[in-house]
Amino acid sequence: MKLGTLEIRPGEKQSGVLRVEGCGHELPLTVIRGGEGETVLVTAGIHSAEYVGIQAGIELARELAPEQLRGTVILAPLVNVSGFAHRTMSTVYEDQKNLNREFPGTPSGTPAEQICHAIVTELLSRADVYIDLHSGDGYEALHPYAYYVGPVEKSVRERAFQIARRVEAEYLVESPLTTGGAYNHASGMGIPSVLIERGGGGLWSRAEVEADKRDVRRILAYLGVLEAPPEAGEPVRDQLVLREAVYETAPETGCWYPALRPGDRFARGTVLGEVRDCFGERLHTCVARADGVVLYQTASLPVLKDGPMVAYGVLP
């Protein structure tokens, strides 16, 4: 397998970079090849302030070994390298575009579009399964959950759902979108894909990183890529599937006062929070449109016009 600066044979593990032609970004890359089997792509840092997944990817790249695998694992732990270096949170530094809105990208576009194109053509094109690690943004608090895509070919959806069942999270969200995001686009390509959300607020903890690593290992064991006892790939119990998510954005810039915490359940009509001006006058009240559970919300005092306030899953 030739990939970026690497040429990897079965039984080998190598680290190097994937160079994005045009913008010149160099994405860190580790490839671990075991015996015959599927190829699993794991990315993190598509949003560069989502540090739990980045650190988990760095550690998995060091810990996984060829002799443990029946297949290949490709790890790209930091996709948005310039955003990471300049602390731009969700966006690529050079063009201020959100990578997870630009897939599949184009080789002749802006740096973000070029990065997306490289991920599609160089990495997703080789993948049988795709895992994308995320967190809440630098200003967001989040309750762990995982996405998979619903409106794709039945076998792809079912396999993605079974992969999501191996994530250590109370809630799974079935997304209706097959465009824009990395895992959405991959699902549309016929690749069973999941996006795992854990952590946020521009922080990371040892417990969160270890949970991400367990998720990846449990998925690899389920797929038969990681040699492990059968129970290592068993589904996580007591999960709830949310068929719809609601994303509430602020109608005005102001100060945000959430009423609940991530993971809290509520009834339709519950006040989820308020936007007030700098005199404390109420500008907007965010009211739940359905029974739901808070998945993530803005945790900082400022909220921006048309920016996120709170996202919740609709309870069945």
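Quick rundown of the values:
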read-out: Under 13 Å, Cβ to Cβ, from Gly105 - net charge with Lys/Arg +1 and Asp/Glu -1; value: -3
read-out: Between segment 22-79 and segment 1-21, the alpha-carbon center distance in angstrom; value: 11 Å
read-out: Residue of Phe279, Phe161, Phe84 that the Gaussian network model of the chain assigns the largest fluctuation, springs spanning Cα pairs under 10 Å; value: Phe279
read-out: Förster-model FRET efficiency, 51 Å R0, Tyr247 and Thr5, C-beta, rounded to 0.05; value: 0.85
read-out: Mean Cα-pair separation over length for the chain, i.e. relative contact order, pairs under 8 Å, 6 or more apart, %; value: 15 percent
read-out: Shape of segment 156-225, Cα gyration tensor, a/c cut at 1.5; value: oblate
read-out: Neighbour-count order for Ser193, Ser300, Ser48, fewest beta carbons within 10 angstrom listed first; value: Ser300, Ser48, Ser193
read-out: Dipole-positive endmost among Thr43, Asn100, Val73 within segment 1-146 (Cβ charges, Cα centre); value: Val73
read-out: Highest-MSF residue in the chain out of Thr106, Thr72, Thr121 [GNM, Cα springs under 10 Å]; value: Thr121
read-out: Trypsin sites (Lys or Arg not before Pro) within segment 208-286, DSSP loop, no more than 14 other Cβ atoms inside 10 Å; value: Arg237, Arg243, Arg268
read-out: Structure-based [θ]222 nm, the chain - -39500 (n - 2.57) summed over DSSP H runs of at least 4, per residue, nearest 500; value: -6000 deg cm²/dmol
read-out: Qualifying GluC sites (Glu not before Pro) for segment 1-85 [loop in DSSP, other Cβ within 10 Å: at most 16]; value: Glu12, Glu21, Glu36, Glu38
read-out: Per-residue Cβ neighbour rank within 10 angstrom, fewest leading, Tyr148, Tyr51; value: Tyr51, Tyr148
read-out: C-alpha center-to-center spacing [segment 267-292, segment 208-262] in angstrom; value: 26 Å
read-out: Fewest-first ranking of His284, His185, His143, using other Cβ atoms within 10 Å as the exposure measure; value: His284, His143, His185
read-out: Tilt relative to the chain, helix 51-63 - C-alpha long axis, 0 to 90 degrees, to 10; value: 20 degrees
read-out: Local electrostatic count, Ser82, Cβ distance below 11 Å [Lys/Arg +1, Asp/Glu -1]; value: -2
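The numbers here are math on the coordinates, done by the rules we state, and not lab data. Small disclaimer: the values here were computed from a predicted structure and weren't measured. Neighbour counts run over all protein chains shown; Cβ positions are idealised from the backbone, glycine included.
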